Amino acid sequence: MNSYLSTEWHHAPINASMKERKWLKNSGSLTLQIQERCKNFRVEPVFQSYAAACNDELTVMKLRPRELAHVREVYLYCGKTPVIFAHSVLAKKNLQGSWCGISKLGNKSLGTMLFANPIIKRTPFKFRKLNSAHPLFYRACKNIQIRPNTLWARRSLFSLNKKPILVTEVFLPFILDLI
């Protein structure tokens, strides 16, 4: 079994193709990278509410099982084609002060907000190849016509005043057409 299909997140996307790695390892604003390659970029929110985090997010976010967090999910589109599914988790207690604007983003990119503030710090990426065993896989595949067997994802923590938000970006097949 491929180790990337395990339950672990890894420090490098070892089995990714060169094209995939180019996107996965880019540490700049993913939103900006897509906008530079796409004439009609848009963000489509699909979920924003208090919800339980995924099991593999609990320890990272210091949440208890079934503890509700602020969860936001959006698709980043190039024209009519979704290229990224983004999922963010913020502990309910941190949805105030520095992060209070997150619940009002609407169709604005979270990335734009994160990269505009120089005091926000980001941890190194962790990578994982998602399959149907991971809940984000199905949610990411909802707006694509042909479901692949796996999808690459990366995640990292952004911290503002020692309050973290976990951002996971799932790379949909058409992202490779933007290179």
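The values are calculated or read from the model by the stated rules, or taken from the named source; none is laboratory data. What you see is a predicted model, and the numbers here were worked out from it, not measured in a lab. A quick note on method: Cβ atoms are made from the backbone with ideal geometry, for glycine too, and the neighbour counts reach across all protein chains shown. Each accessible area value is taken on the protein alone, full model and side chains, heavy atoms only, with ligands, DNA and RNA left out. Shrake-Rupley method; radii C 1.70, N 1.55, O 1.52, S 1.80 Å.
Listed values for region 38-51 are Karplus-derived 3J(HN,Hα) couplings in whole Hz (6.51 cos²θ - 1.76 cosθ + 1.60, θ = phi - 60°), namely 9, 6, 10, 7, 7, 10, 10, x, 10, 7, 7, 5, 7, 7, and x replaces Gly and Pro. Annotation: amide H-H contacts under 5 Å for A69 (H modelled 1.01 Å from N, sequence separation of 5 or more, or interchain): A51, A52, A53.
When all protein chains stay in place and ligands, DNA and RNA are ignored, the 1.4 Å accessible-area order of R147, R155, largest first, is R147, R155.
Under the 0.36 nm per residue contour assumption, what length would be gained going from the current alpha-carbon distance of N131 and K62 to full extension?
Numbers: separation 69, 0.36 × 69 = 24.84 nm, distance 2.46 nm.
Full extension of this stretch gives 22.4 nm more.
The spacing between region 18-40 and region 41-89, judged by their C-alpha centroids, is 19 Å. Only protein heavy atoms count here; under a 1.4 Å probe, C100 has an accessible surface of about 60 Å².
Annotated for region 17-137: lysine pairs at least 8 residues apart or interchain, Cα distance under 19 Å, count 16. Considering the options Q33, C54, A16, tell which one lies farthest towards the positive end of the dipole of region 3-86, charges being +1 on Lys and Arg and -1 on Asp and Glu at the Cβ, about the Cα centre. About the Cα centre, the residue reaching furthest to the positive side is Q33.
This model, with +1 at the C-beta of Lys and Arg and -1 at the C-beta of Asp and Glu, gives region 1-155 a dipole about its Cα centre of some 180 debye. Shape call for region 16-56 from the C-alpha gyration tensor, a ≥ b ≥ c root eigenvalues: rounded (a/c under 1.5), prolate (a/b greater than b/c) or oblate? Oblate. Distant-in-sequence amide contacts of L130, defined by a placed amide H-H separation under 5 Å and a gap of 5 or more residues or a different chain, comprise L151, W152, A153. Ordered from highest to lowest accessible area with the whole protein assembly present and a 1.4 Å probe, Y75, Y138 read as Y138, Y75.
List the relative contact order of the chain as a percent without decimals, with contacts defined as Cα pairs under 8 Å and 6+ residues apart. Write down the numbers at each step before the final one.
Numbers: 303 pairs, mean separation 44.9, N = 179.
Over the chain, the number comes to 25 percent.
Of F47, F127, F174, the order by accessible heavy-atom surface (1.4 Å probe, DNA, RNA and ligands excluded), from most exposed downward, is F174, F47, F127.
What trypsin sites (Lys or Arg not before Pro) in region 1-110 are in a loop by DSSP, with at most 16 other Cβ atoms within 10 Å of the Cβ? Show your work: numbers first, answer last.
Working: sites: K19, R21, K22, K25, R37, K39, R42, K62, R66, R72, K80, K92, K93, K104, K108; in loops: K25, K39, K62, R66, K80, K108.
Passing sites in region 1-110 are K25, K39, K62, R66, K80, K108.
Here are several values of Rg/Rh (Cα atoms, Kirkwood Rh): (i) 0.97; (ii) 0.93; (iii) 1.14. Which one was derived from the coordinates shown? Here the calculated entry is (ii). Compared with the alpha-carbon gap, the fully stretched path from T112 to N55 is longer by 17.8 nm at 0.36 nm per residue.
Each residue of region 99-113 was assigned a 3J(HN,Hα) from its phi angle through the Karplus expression (A = 6.51, B = -1.76, C = 1.60, θ = phi - 60°), giving 9, 4, x, 4, 6, 10, 5, x, 8, 8, 6, 4, x, 4, 5 Hz with x at Gly and Pro.
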